[in-house]
1. Can you tell me how many residues in segment 425-438 are touching a helix residue (DSSP H, G or I) at 6+ places or on another chain (Cβ under 6 Å) and over 14 Å from Glu404 (Cβ atoms)?
2. So Arg505 fits all but one of (1) touching a helix residue (DSSP H, G or I) at 6+ places or on another chain (Cβ under 9 Å); (2) buried (at least 18 other Cβ atoms within 10 Å of the Cβ); what number is the exception?
3. How many residues are over 17 Å from Ile54 (Cβ atoms), open to solvent by less than 20 Å² (accessible area, probe 1.4 Å) and either touching a Cys at 6+ places or on another chain (Cβ under 8 Å) or not hydrophobic (A, V, I, L, M, F, W, C) (or both) if we restrict to segment 323-337?
4. Could you please let me know if Leu640 is under 20 Å from Ser522 (Cβ atoms) and of a type in the set (A, V, I, L, M, F, W, C)?
5. Closer than 27 Å to Glu217 by Cβ, of a type in the set (Lys, Arg) and open to solvent by 70 Å² or more (accessible area, probe 1.4 Å) - does that describe any residue in segment 42-53?
6. Scanning for something in a loop (DSSP other than H, G, I, E, B), under 17 Å from Gly109 (Cα atoms) and in contact (Cβ under 8 Å) with a residue 12 or more places away in the chain, does segment 28-43 turn up at least one residue?
7. Can you find a residue that is open to solvent by less than 50 Å² (accessible area, probe 1.4 Å) and aromatic (Phe, Trp, Tyr) anywhere in segment 617-639?
Amino acid sequence: MARNLYIAGIEPGSGKSLVALGVMELLSRRVRQVGYFRPVIPSQTLPDNNIRLIQNRYNLNWAYEEMYACVHEDAQSMVAKRSTDSLLKSIVEKYKALESKCQFVLCEGTDFSGVSTAFEFDFNADVADNLGSPILLLVNGSRKTTDDIAAAVELAQESFESKGCSIVATIVNRVATQHRDAVAKRFDNDHPGKNPVYVIPEIATLGKPTIKEIAEELDAQILQGAAEGLYRSVNDYKVAAMKLPNFLDFINDGDLVITPGDRADIILGSMAATASDTFPKIAGLLLTGGLAPDPQIRCLLEGLRHSSAVPILQVQTDTYKTAMNASDVRPRITPGNERKIAAALGIFEAHVELSQLEKQIDIVRSTRRTPIMFEYELIERAKSQRKHIVLPEGREERILRAAEILLRRGVAELTLLGNPEDIFGKTASLGLNLDGIHVIDPLQSGRLSDFASIYYDLRKHKSMTEERARDTMSTVSYFGTMMVHTGEVDGMVSGAVHTTGDTIRPAFEIIRTPPEVSLVSSVFLMCMPDRVLVYGDCAVNPNPNAEQLADIAVSAAETAVMFGIEPRVAMCSYATGISGKGQDVDKVRQATKIAQERRPNIKIEGPIQYDAAVDAGVAKTKLPQSEVAGKATVFVFPDLNTGNNLYKAVQRSANAVAIGPVLQGLNKPVNDLSRGCTVTDIVNTVAITAIQAQALK
């Protein structure tokens, strides 16, 4: 069964709480541990009604704070500051914490107020994408014609699908009762391969606020009224400004009468009308101006038979303001209102084919893997078995900022190299907290002599002297690499201020490769908007021969597996299959054959052009029988010139996140940073290095 479902409405007032109740009822009968999550809630101070409703009805054991990520004000502030990615990351982190405790999580989308429909659509699509959740689409059918509803459904489906979202089903809610059947006939739920559309009619019980809802929204004091009376629906509002005889001609069943608290005539007349068999029954009284009835009137009310069933509320605002506030109260399904809950579940189950919806939830899964999802997975995997990583560039500001993040999130144990006074002085000036970090100065370390001796033994066949070995080991890159070699740390990340050669040359000399690997190579993890691809070699080997190219392919496939990517390897060239000739194509063809023989269990295709590797339409024409063409996940390029240019072109033109280079083929993990790297790049690379160390263990 799928792990989650995201309810997304395309406009306010769609009735998400009704649908959430219906789906939770369906899930709770079949799944033992169901979670409920809202990415954004309206207020920090007022509890979210829908979370309280679901939590209370289904006895969810999760803490209230676990069931949402942030509040509207904070979310809108982050969006205004162009920090949408940070907002999405915080939502994913909170969601994943809840998901880890559940078998299934139902997510209810946002209901921003004061933002555009287009913005809310984009935001919900992005959240669903990053949670890896298929969508249950909700369309508001209130006050729309059949044609309007059909157009709204078609537009909403196309819009979400264009964003790469998977749609489980569509629910059209709040359709006028007389139009419900006509709307339902416009959608053929029996059509094979078509997502079903369910049509739910509007019912009066759910479309009206209750006395209790109005009391809570207006912060009213309840002067009298039995508990059951507070759940009366308010059909309309009547402001009493006339004399009593004239006013009585205007009241109807279910009216909430709004009047100043000193209008004894209206108060008594309204209560008498409710007790009478000849007048409509009002829903309640709302007294304004902070005025309470005189003691004699209160006494009289208490003596009236059945008067306690009619709620009387009091507010501080004047009559005009009170009437405006009351009319703005949106109807809700609140915890404890069994009448509304029963009505909601009844109407949902009467018009939604539950068995069909259940199958849809199970069948439709989101296959998208966004950059934020992938980065989150990296951090969580690294945290699952913490490794010790050395960062040689201990005074670099980006390294220090990344180190604080890594320590706070518990990603890895860290050692910085450099002068401790300099490092902690820089840390203090930046306002960072690096409690728990290790700092080693290679020049003052007792390990310098031991490391120099080990290095001399490794390189004496290359005319290395003991004096030069000591000088070499005093540099941070060599010292850090030797820490990895001797097992004092599990991996190294460097390159923020050093060249690629400074970082990887010590690894070539000291850590080296396993016997079955002929060379060290690199890959970039290319986080596209909806998936993660592996590109290699884009950073190390200028012009590999066929044997080396096969080695790169095998290593890249193994790296893909390490990071949860099913390897389907495309050996890229300017020709596909047998269509091209020439030295360069022949090299790729030979490399493909070698790689296939070495790893017959891996799907490897080559030579193949990039378009045939990624585009199913092109693949059908050029290599129709291939298991790789059109769905490749690992791309091996014939030389560094091709690989480096292509990854940068895709990164810039497709707005992809390029994580790497990730070095592969070493006995122990060492990874290189770009000198233009960001703090996030450093955090991700440390996590990758830790995961590589986990795999080696």
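The values are calculated or read from the model by the stated rules, or taken from the named source; none is laboratory data. Everything quoted here is computed from the prediction, not taken from an experiment. Note that each Cβ is placed from the backbone with ideal geometry, even for glycine, and that neighbours are counted across all protein chains shown. Quick note on the areas: whole protein, heavy atoms, side chains included, nothing else; ligands and nucleic acids left out. Shrake-Rupley method; radii C 1.70, N 1.55, O 1.52, S 1.80 Å.
1. Residues in segment 425-438 being touching a helix residue (DSSP H, G or I) at 6+ places or on another chain (Cβ under 6 Å) and over 14 Å from Glu404 (Cβ atoms): 0 in total.
2. For Arg505, the failing item is (2).
3. 0
4. yes
5. Yes, segment 42-53 has at least one match.
6. Yes.
7. Yes, segment 617-639 contains at least one residue that is open to solvent by less than 50 Å² (accessible area, probe 1.4 Å) and aromatic (Phe, Trp, Tyr).
Yes/no matrix, rows are residues, columns are (1) at pLDDT 90 or above; (2) open to solvent by less than 20 Å² (accessible area, probe 1.4 Å); (3) of a type in the set (Ser, Thr, Tyr):
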{"residue": "Val92", "(1), (2), (3)": "yes, yes, no"}
{"residue": "Ala97", "(1), (2), (3)": "yes, no, no"}
{"residue": "Thr110", "(1), (2), (3)": "no, yes, yes"}
{"residue": "Thr117", "(1), (2), (3)": "no, no, yes"}
{"residue": "Glu120", "(1), (2), (3)": "no, no, no"}
{"residue": "Asn124", "(1), (2), (3)": "yes, yes, no"}
{"residue": "Ala128", "(1), (2), (3)": "yes, yes, no"}
{"residue": "Leu131", "(1), (2), (3)": "yes, yes, no"}
{"residue": "Ile135", "(1), (2), (3)": "yes, yes, no"}
